[in-house]
Amino acid sequence: MKEKREKDIKEIIENIRPYMNEDGGDVEFIKIDENYVFIKLYGACIHCGLQDNTINYGILKIIQEKYPEIEGVINV
């Protein structure tokens, strides 16, 4: 179950990447620890004033559609 959840979340992030690439940014899956997903933002996302919105109202919400137990997404 844990391996499937990680695989699914990696796939979700891969599906989000093209949209972030359109704006000059990128995202990479790092790990899952407990009910938190750790990611790394790159490119334009690093200095974007809306990065918290992207993480909390974009990435997190999409992940929670399949895995509601995920409590947060953390940019490392």
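The values are calculated or read from the model by the stated rules, or taken from the named source; none is laboratory data. All figures in this text were calculated on a predicted structure; none of them were measured in a lab. Virtual Cβ from ideal backbone geometry, glycine too; neighbours counted across all protein chains shown. These accessible areas exclude ligands, DNA and RNA; they are computed on the full protein's heavy atoms, side chains included. Shrake-Rupley method; radii C 1.70, N 1.55, O 1.52, S 1.80 Å.
A compact table of results
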item: Net charge, Cys45 excluded, C-beta distance under 9 Å - Lys, Arg +1, Asp, Glu -1; result: -2
item: Local net charge near Ile16, Cβ-Cβ under 15 Å (Lys/Arg +1, Asp/Glu -1); result: -3
item: Beta bridge orientation in the chain: antiparallel %, DSSP, nearest 5; result: 65 percent
item: Sequence-distant aspartates and glutamates (8 or more away, or on other chains) whose Cα lies within less than 17 Å of Lys31; result: Glu3, Glu6, Asp8, Glu11, Glu14, Glu69, Glu71
item: Option label - semi-axes √(5λ) of the Cα gyration tensor in Å computed here, alternatives [x] 32, 12, 9; [y] 20, 12, 11; [z] 19, 17, 11; result: [y]
item: Cβ-based net charge around Ile32, under 10 Å, with every Lys or Arg adding one and every Asp or Glu removing one; result: +1
item: Rounded accessible area of Arg17 (nearest 10 Å², 1.4 Å probe); result: 70 Å²
item: Loop GluC sites (Glu not before Pro), the chain (other Cβ atoms within 10 Å of the site Cβ: 16 or fewer; DSSP); result: Glu34, Glu69, Glu71
item: Range of Cα positions in the range 5-48 per principal axis (Å), largest first; result: 29, 19, 11
item: Given charges at beta-carbon only (K, R positive; D, E negative), |dipole| of the chain in Debye; result: 140 debye
